[in-house]
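J.: I have a structure here, written as structure tokens, and I will follow up with some questions on it.
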Amino acid sequence: MRAFWPIYKRELFGFFVTPLAWVLIVVFLVVQGMHFFLLVDHFALELDVASDESPLSAFFGNTVLFYLVLFLLVPPMTMRLFAEERRSGTIESLMTAPVSSPAVVLAKYAAVMTTYVAMWLPTVLYLVILGRTGGVDRRQAASAYLGVLLVGAGYLALGLCASALTRSQFLAMIWTALVLLVLFTLGVGEFVTREGTLMHDVCAHVSVWGHMNDFASGIVDSRRLVFYGTMIAVPLYVATRAVDAWRWG
Amino acid sequence: MITVSHLTKRYGAHLAVDDVSFGVARGDILGFLGPNGAGKSTTLRILAGFLGPTSGKVAIAGHDVVMSSFEARRSIGYMPESVPLYPEMRVVEYLRFRAELKRVPRARRRAYVDDAMRKAGVVDVAHKRIGHLSKGYRQRVGLADAIVARPPIVILDEPTAGLDPNQIRETRQLVRDLGRDHTVVLSTHILSEVEACATRVLVIHQGKLVAEGPTERIRAAGGPSAVELRVRGEPAVAKTVLEGVEGVGEVTLLNGSGDLARLKAGLAKELGADDRTRAIERCVAALVAAGLGVREVHADGGSLEDVFASLTRDAAGGGGRS
């Protein structure tokens, strides 16, 4: 695991030295800023606001904008992790150094998670803005950010896994986007299937929309924690095995 | 330092390396010679721990590459064939990263990196981005990376591929220098390269080891095998003159019309490459002394294929692998 630190540092460096990272962050913040502005504007004009509705819960849960931007962000963030190294051949120098496969996978994952957190960090300012004009429930905000962290962690793990399974960055991006879209669509199924059927239960269980609504309202459900824990652990494990498997190709 | 026994690597139905065994002793510079696609890179990748063998055993400094891959990899510095580097990093950043990855303790990292840069001759580009470097400098950065952690064994896959003649000469000198402190394994498809650097040679062809031995033996197998001459004068006289030259075997008259003749003189196989080349000089001198006009001289043989043919013939003769 001693290889974790140098690889982590290099990954972060390699990401932020490219224009891609800055473009992604700018696009993300512009979209989230507009999103926030529209919500605050909407709530400011509303005369009769339900007690359980706030700009905060709406920002993180009630609109589709939050996920759409993740679909655009996560695939380009993760596509290069392994696919790029395999295409350029640098994977050969990396894997012939005394490094273990879990260290490589975890270092790359930690680097991309750090980037993700850095992207969200400026949105904490929105809380400050809200706090100036009204009350912000800190525990609710923490719960919402936990949701953001978990959803992102799951998506990024899937993206990393896709990158480890293909040699082409483009394919890695398409695969990641496809899997995220299928997951999201399944979640939407919650609203179109009849209540009480197995399909409805499955859809409700994997619904990112539903999960984020819960988190944004301050509900931390252990089922959600297990779901995202699995969504992180399984792809990372598969990626580790894929890295090992290259030796025997 | 390296022991390889019955190494086999299969890609599906394709047999890339077929039952290869050899050993490398401390201080050797081992040249891996073979045409493209012979299995050189595959073998080196297995030694470096990048690929796993299908069967057979490989031990690096006493560590099995499969069972204790980690320790084996700590003992090597490896430069892959295409010299893959991260183009966005500066040379010194890259080498510091590699030194840390290869577990050079923090306190010694700077000294090791400086030393490797000096040996590989990249000090003047230390703060340039790798993506902006020429092919020759990238190759040297790859070499610096291979030696940065001061491993006992250095493995270089085609270290002179794509370089210009000056850079090739410098790289060969560097490899000879490396041989003083490290055991070096390098691969090439150029015969003169192993002659220039290696102390021992392995010849690999279609995944099989066809010959192994000290460089002198391979050198003897190289060189011209015959000489073809176009001569002005009486064909029969020319033939008699050539037959009298020391080091010449059988002489055949390829065609002769009027006072022009094409002759082929075989050179004695028991001579070394240098002696056979000298025999060509003597042929020309003898013809000129006999009053014949020499119009063209072509040396035959000396290509890698000829060496393979010669070596495989030797191996079949019994005295092959020494």
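J.: Residue under question is A:Ala245, and the condition is that it be more than 17 Å from the chain's Cα centre (by Cα), surrounded by 15 or more Cβ atoms within 10 Å (Cβ to Cβ) and in a helix (DSSP H, G or I); does it hold? If you could, list the steps in order and put the result at the bottom.
T.: On the way: more than 17 Å from the chain's Cα centre (by Cα): yes; surrounded by 15 or more Cβ atoms within 10 Å (Cβ to Cβ): no; in a helix (DSSP H, G or I): yes.
For A:Ala245, the condition - more than 17 Å from the chain's Cα centre (by Cα), surrounded by 15 or more Cβ atoms within 10 Å (Cβ to Cβ) and in a helix (DSSP H, G or I) - is not met.
J.: Does at least one position in the range A:143-155 carry a residue that is more than 15 Å from A:Ala216 (Cα to Cα), touching a residue at least 24 places away in the same chain (Cβ under 8 Å) and among the aliphatic types (A, V, I, L, M)?
T.: For the range A:143-155, residues more than 15 Å from A:Ala216 (Cα to Cα), touching a residue at least 24 places away in the same chain (Cβ under 8 Å) and among the aliphatic types (A, V, I, L, M): present.
Here's the yes/no breakdown for (1) surrounded by 17 or more Cβ atoms within 10 Å (Cβ to Cβ); (2) touching a Pro at 6+ places or on another chain (Cβ under 7 Å); (3) at pLDDT 80 or above:
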position: B:Thr252; (1), (2), (3): no, no, yes
position: B:Leu263; (1), (2), (3): yes, no, yes
position: B:Arg278; (1), (2), (3): no, no, yes
position: B:Glu281; (1), (2), (3): no, no, yes
position: B:Ala286; (1), (2), (3): yes, no, yes
position: B:Gly302; (1), (2), (3): yes, yes, no
position: B:Phe308; (1), (2), (3): yes, no, no
position: B:Leu311; (1), (2), (3): yes, no, no
position: B:Gly317; (1), (2), (3): no, no, no
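J.: Considering only the range A:42-50, I want to know if a residue exists there that is modelled with pLDDT of 85 or more and outside any helix (DSSP H, G or I).
T.: So in the range A:42-50, the residues modelled with pLDDT of 85 or more come out as none.
Taking every residue of the range A:42-50 in turn, none turns out to be modelled with pLDDT of 85 or more and outside any helix (DSSP H, G or I).
J.: Further, regarding this structure: Within the range B:99-110, how many residues are part of a loop (DSSP other than H, G, I, E, B) and buried (at least 18 other Cβ atoms within 10 Å of the Cβ)? It would help to see each step written out before you state the result.
T.: Initially, the range B:99-110 is screened for residues part of a loop (DSSP other than H, G, I, E, B), giving B:102-105.
If we keep only those that are buried (at least 18 other Cβ atoms within 10 Å of the Cβ) too, we end up with B:102, B:104.
The total comes to 2.
Condition check ((1) touching a residue at least 60 places away in the same chain (Cβ under 8 Å); (2) more than 23 Å from B:Lys269 (Cα to Cα); (3) outside any strand (DSSP E or B)) across all residues:
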{"site": "B:Ala211", "(1), (2), (3)": "yes, no, no"}
{"site": "B:Glu216", "(1), (2), (3)": "no, no, yes"}
{"site": "B:Pro224", "(1), (2), (3)": "yes, no, yes"}
{"site": "B:Val227", "(1), (2), (3)": "yes, no, no"}
{"site": "B:Lys239", "(1), (2), (3)": "no, no, yes"}
{"site": "B:Val245", "(1), (2), (3)": "no, no, yes"}
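J.: Take the range B:88-98 and flag every residue that is within 8 Å of chain A (Cβ to nearest Cβ) and either surrounded by 23 or more Cβ atoms within 10 Å (Cβ to Cβ) or in contact with a Ser or Thr (Cβ under 8 Å, 6 or more places away or on another chain) (or both).
T.: B:Glu88, B:Arg98
J.: Can you pull out the residues in the range A:174-192 that are buried (at least 16 other Cβ atoms within 10 Å of the Cβ) and of a type in the set (S, T, N, Q)?
T.: A:Thr176
J.: Taking the condition touching a Lys or Arg at 6+ places or on another chain (Cβ under 6 Å), more than 27 Å from B:Gln167 (Cα to Cα) and within 12 Å of chain A (Cβ to nearest Cβ), does B:Leu101 pass?
T.: Working: touching a Lys or Arg at 6+ places or on another chain (Cβ under 6 Å): no; more than 27 Å from B:Gln167 (Cα to Cα): yes; within 12 Å of chain A (Cβ to nearest Cβ): yes.
No.
J.: How many residues does the range A:2-17 contain that are acidic (Asp, Glu) and under 15 Å from B:Arg103 (Cα atoms)?
T.: Quick first cut of the range A:2-17, residues acidic (Asp, Glu) only: A:11.
Narrowing further to those that are under 15 Å from B:Arg103 (Cα atoms): none.
Residues meeting the conditions: 0.
J.: Out of all the residues in the range B:216-240, which are over 30 Å from the mean Cα position of the chain (by Cα) and closer than 29 Å to B:Val307 by Cα? Break it down into steps so the answer makes sense when it comes.
T.: At the first step, the residues of the range B:216-240 found to be over 30 Å from the mean Cα position of the chain (by Cα) are B:229-240.
B:Leu229, B:Arg230, B:Val231, B:Lys239, listed by residue number.
J.: Which residues, taken from the range B:191-214, are over 10 Å from the mean Cα position of the chain (by Cα) and either at pLDDT below 80 or among the polar types (S, T, N, Q) (or both)?
T.: B:Thr199, B:Gln206
J.: A further question on this structure: Counting just the residues of the range A:68-107 that are over 16 Å from A:Met119 (Cβ atoms) and among the hydroxyl-bearing types (Ser, Thr, Tyr), which one comes out farthest from the other protein chains (Cβ to nearest Cβ)?
T.: Applying the filter and picking the extreme gives A:Ser101.
J.: Return yes when B:Ala146 is hydrophobic (A, V, I, L, M, F, W, C) and surrounded by fewer than 20 Cβ atoms within 10 Å (Cβ to Cβ) and no when it is not. Give the derivation first.
T.: Working: hydrophobic (A, V, I, L, M, F, W, C): yes; surrounded by fewer than 20 Cβ atoms within 10 Å (Cβ to Cβ): no.
It is false that B:Ala146 is hydrophobic (A, V, I, L, M, F, W, C) and surrounded by fewer than 20 Cβ atoms within 10 Å (Cβ to Cβ).
J.: Looking only at the range A:215-230, how many residues end up being surrounded by fewer than 20 Cβ atoms within 10 Å (Cβ to Cβ), part of a helix (DSSP H, G or I) and either within 15 Å of the chain's Cα centre (by Cα) or not hydroxyl-bearing (Ser, Thr, Tyr) (or both)?
T.: Qualifying residue count for the region: 6.
J.: Tell me yes or no: at least one residue of the range B:173-186 is in the same structural domain as B:Lys119 (by TED's automatic domain parsing) and assigned to a loop (DSSP other than H, G, I, E, B).
T.: Pass one, the range B:173-186, residues in the same structural domain as B:Lys119 (by TED's automatic domain parsing): B:173-186.
Checking the rest, the ones that are also assigned to a loop (DSSP other than H, G, I, E, B) come to B:182.
The answer is yes; a qualifying residue exists.
J.: Being farther than 29 Å from B:Pro214 by Cα and either touching a Leu at 6+ places or on another chain (Cβ under 8 Å) or modelled with pLDDT of 85 or more (or both) is true for just one of B:Glu246, B:Glu228. Which residue is that? Don't jump to the end; show me each part of the working.
T.: Working: B:Glu246 fails: farther than 29 Å from B:Pro214 by Cα.
Going through B:Glu246, B:Glu228 in turn, the sole match is B:Glu228.
J.: So, B:Ala149, is that one within 14 Å of chain A (Cβ to nearest Cβ), assigned to a helix (DSSP H, G or I) and closer than 23 Å to B:Ile60 by Cα or not?
T.: Values: within 14 Å of chain A (Cβ to nearest Cβ): yes; assigned to a helix (DSSP H, G or I): no; closer than 23 Å to B:Ile60 by Cα: yes.
So B:Ala149 does not fit the description; no.
J.: Related question: Assigned to a helix (DSSP H, G or I) and either under 22 Å from A:Val208 (Cβ atoms) or within 14 Å of chain B (Cβ to nearest Cβ) (or both): does that describe A:Val31? Full working, then the answer.
T.: Working: assigned to a helix (DSSP H, G or I): yes; either under 22 Å from A:Val208 (Cβ atoms) or within 14 Å of chain B (Cβ to nearest Cβ) (or both): yes.
Judged against the criteria, A:Val31 is a match.
J.: With (1) more than 19 Å from B:Phe50 (Cβ to Cβ); (2) crowded, with 20+ Cβ neighbours inside 10 Å as the list, and B:Gly162 as the residue in question, which single condition is left unmet?
T.: (2)
The values are calculated or read from the model by the stated rules, or taken from the named source; none is laboratory data. Only a predicted model underlies this, so the values are computations on that prediction, with no experimental measurement involved. Cβ coordinates were reconstructed from backbone atoms using ideal geometry, including for glycine residues, and neighbour counts include every protein chain displayed.
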